[in-house]
Amino acid sequence: DAGVIQSPRHEVTEMGQEVTLRCKPISGHNSLFWYRQTMMRGLELLIYFNNNVPIDDSGMPEDRFSAKMPNASFSTLKIQPSEPRDSAVYFCASSLGRGYNEQFFGPGTRLTVL
Amino acid sequence: DAKTTQPPSMDCAEGRAANLPCNHSTISGNEYVYWYRQIHSQGPQYIIHGLKNNETNEMASLIITEDRKSSTLILPHATLRDTAVYYCIVRVISGGSQGNLIFGKGTKLSVKP
């Protein structure tokens, strides 16, 4: 199994540009999570999907952030316009079902906004 | 979700058992104890979870006190590859909802040769 796949692994962009991060969950998993990790704030949950439907987006910092899951095998996290304070590592994770099942994390995308 | 308290760092000699403590004195009856770890530059990795009984898997053992106010993660024979930040998380499991994983600062475990 390839695990959770994220792309790109590294992204450097300039302030004001649109950034799109991509995630392919593990096949058969029906829950998907987007997290952000910074030194200051640690690892934070941004949004959680179940069966392609957003269930909890209370962690999305502001309207510049949006996430979609058009099908069970693909999700995107978009930042428009990007700002330097968005610089972080963004992780995608997936799990099977709801409840207490373990979450499998991808390798992350390191975003740098200049 | 209840909060957890972990020491910021610990050292362990290679080959010895690593015992990582976690306090969760305000844990509720429907909250599980989860452990994840994050090796440098990688995504977090699930280790183990439990409610009130001790649990063991191929990676570790989880010992939860009878009053459930604290727990210990045990890596029986630590290797250099176990050097990581270890997160103890308590999480509500109720009906159809999936309690969020709320990561604290964790314990940075350094396994030394």
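What follows draws every value from the coordinates through simple rules; no lab data is involved. Worth saying up front: this structure is predicted, and the values here are computed from it rather than measured. Using ideal geometry, Cβ is built from the backbone for each residue, glycine included, and neighbour counts are taken over all protein chains shown.
General observations
- GluC sites (Glu not before Pro), loop per DSSP, at most 11 other Cβ atoms within 10 Å - longest free stretch of chain A: A:63-114
- The protein assembly as shown: radius of gyration over Cα atoms, expressed as a fraction of 2.2 N^0.38 Å: 1.03
- Dimensionless Rg/Rh of chain A - Kirkwood Rh, Rg from C-alpha atoms: 0.95
- Neighbour net charge for A:Ser75 - beta-carbon separation under 14 angstrom, K R +1, D E -1: +3
- When DSSP beta bridges are restricted to pairs lying wholly in chain A, around 90% turn out antiparallel.
- Among B:Ile64, B:Ile48, B:Ile39: highest mean-square fluctuation, GNM of chain B, C-alpha pairs under 10 Å: B:Ile39
- Candidate aspartates and glutamates - alpha carbon under 19 Å from B:Lys112, same-chain residues fewer than 8 apart omitted: B:Asp11, B:Glu14, B:Asp82
- Using a Gaussian network model of chain B in which every pair of alpha carbons under 10 angstrom is joined by a spring, one finds that among B:Ser70, B:Ser28, B:Ser61 the greatest mean-square fluctuation is at B:Ser28.
- In chain A the longest region clear of trypsin sites (Lys or Arg not before Pro) that are loop-assigned by DSSP and have at most 12 other C-beta atoms within 10 Å covers A:42-114.
- Choice from A:Gly16, A:Gly42, A:Gly59 with maximal GNM fluctuation in chain A (Cα, 10 Å cutoff): A:Gly42
- Within the stretch B:33-76, GluC sites (Glu not before Pro) in DSSP loop having at most 14 other beta-carbon neighbours inside 10 Å: B:Glu58, B:Glu66
- Antiparallel bridges, percent of DSSP beta bridges restricted to the protein assembly as shown (to nearest 5): 90 percent
- The charge dipole of the protein assembly as shown, taken about its Cα centre with unit charges on the Cβ atoms of Lys, Arg (+1), Asp and Glu (-1) only, comes to about 220 debye.
- Cys with no candidate disulfide partner in chain B (beta-carbon separation under 4.7 Å rule): B:Cys12
- Within the shell defined by Cβ-Cβ distances under 12 Å, the residues around B:Ile47 carry a net charge of -3, with Lys and Arg each +1 and Asp and Glu each -1.
- Straight-line cross-link partners of A:Lys24 among the lysines, defined as a Cα under 17 Å from its Cα and at least 8 positions apart when in the same chain: A:Lys68, A:Lys78.
- Taken about its Cα centre, the stretch B:1-89 carries a charge dipole of roughly 100 debye when the Cβ of each Lys and Arg holds +1 and the Cβ of each Asp and Glu holds -1.
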